[in-house]
Amino acid sequence: MTQIQTRSMSQGIDLEQGLVRSQAVAGALFFLFLLLHLSNILLAPLGAEVFNEYQRTVRALYQYPVIELVIVMIPIVVHAVAGVSLYFLRRGKKAVRSLRARLHTWAGVFLLLVIVGHVIAVRGPSFFYGVFPEFEGVSFSLWYFPAFFYPYYFLLAVAGFYHGSGGMMMLLRRFGILRMRQLPSPLIGLVAAAFLTSLLAFDGRLFEVPNQLEDDFGKLYAEILHLDINSPWK
Ligand code: HEM
């Protein structure tokens, strides 16, 4: 092997390590927000008031301008750019990967495809118009377009939980803080069932929810997108 080949190989390894590190740091920062966010979703079966009170409390933290940049917006961009770059860098290298490792990647790809749309859809109205979706906004979405929002929110929550917890476990194992290799399947099933219960709660299947036609978030979207929201979308 020539000197030039050796040097470019070691530069490739340095780049790969740099990307892995950036992705891990960004993932760990975003995990702080994800913990607050997913625990919020799991509170939906306790009612709109509990859900909204918790959200208002934690929102004061994650929407504090600098904090929002450091634990939400910048980590999303860095994590996604590093992930895509690693995919291209490692393409062609053959490696046998377990089903769980492949699921981790698929969940990440799903999140990559939907996360920007989710952030724009739920953060845009509060950022530009001061209208916060809260319990009633999610409730409105499920009432207005259930065929889309049930699978979308369910997959978003499960993928976020699976990818986020898997990534965090990898990191903790690397530092010798954790021994467990992966979450037990029954626990993942239980959490998925809890997310589904939350969606049923938002949708008014567990208790009565506020009238969706009165919701400001829905009204704002109706105005912007010229939707008729007097009845669910057909
Ligand atoms: C059932 C699943 C989910 C629902 C119903 C949901 C709903 C919402 C709502 C209502 C907000 C606005 C929060 C606020 O105004 O304080 C929000 C914000 C956000 N969500 Fe989700 N979300 C879900 C899952 C996820 C997952 C899994 C992720 C990430 C992997 C995620 C990432 C975000 C981000 C980044 C924001 C913007 C935070 C900010 O800067 O204020 N969401 N979501």
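Numbers at a glance
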| item | result |
| --- | --- |
| Average silhouette area of the range 65-171, convex hull of alpha-carbon atoms, in square nanometres | 8.6 |
| Gaussian network model of the chain, springs between alpha carbon atoms under 10 Å - residue of LEU213, LEU38, LEU99 with greatest fluctuation | LEU99 |
| LEU187/LEU32 FRET efficiency (R0 25 Å; Cβ-Cβ; nearest 0.05) | 0.75 |
| Cα-based Rg and Dmax for the range 2-60, where Dmax is the largest Cα-Cα distance (Å) | 21.2, 68 |
| In order through the range 92-97: 3J(HN,Hα) via Karplus (6.51 cos²θ - 1.76 cosθ + 1.60), integer Hz, x for Gly, Pro | x, 6, 7, 9, 7, 10 |
| Partners for LYS94 among aspartates and glutamates (Cα-Cα distance below 17 Å; same-chain residues under 8 apart left out) | GLU16 |
| Förster radius 25 Å - calculated FRET efficiency between LEU172 and ARG90, Cβ distance, rounded to 0.05 | 0.60 |
| Gained length - VAL77 relative to HIS118, 0.36 nm times residue gap less alpha-carbon distance | 13.4 nm |
| Contour excess over end-to-end distance, with Cα ends at ASN211 and GLU49 and 0.36 nm allotted per residue | 56.9 nm |
| Euclidean distance between Cα centres, the range 210-234 to the range 106-177, Å | 21 |
| Contour excess over end-to-end distance, with Cα ends at SER98 and ALA194 and 0.36 nm allotted per residue | 31.9 nm |
| Per residue, the convex hull volume that the Cα atoms of the range 143-220 enclose (Å³) | 122 |
| Relative contact order for the chain, counting Cα pairs under 8 Å that sit 6 or more residues apart, in percent | 26 |
| Likely footprinting exposure, SER139, SER85, fewest C-beta neighbours within 10 Å first | SER85, SER139 |
| Label-reachable residues, the range 196-219, where backbone N falls under 18 Å from a point 7 Å from ASN230's Cα toward its Cβ | 212-215, 218-219 |
| Likely footprinting exposure, ASP215, ASP203, fewest C-beta neighbours within 10 Å first | ASP203, ASP215 |
| Kyte-Doolittle mean at least -1.0 and Cα axial length at least 27 Å: DSSP H helices in the chain | 3-42, 99-129, 146-174 |
| 10 Å-binned pair-distance histogram of the range 3-225 (Cα, whole percent) | 7, 29, 34, 19, 8, 3, 1, 0 |
| Least to most buried among GLU208, GLU136, GLU68 (fewest other Cβ within 10 Å first) | GLU208, GLU68, GLU136 |
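Here, each number is a calculation from the coordinates, and none is a lab measurement. Note that the structure is a prediction, hence the values are computed from the model and not measured. Cβ coordinates were reconstructed from backbone atoms using ideal geometry, including for glycine residues, and neighbour counts include every protein chain displayed.
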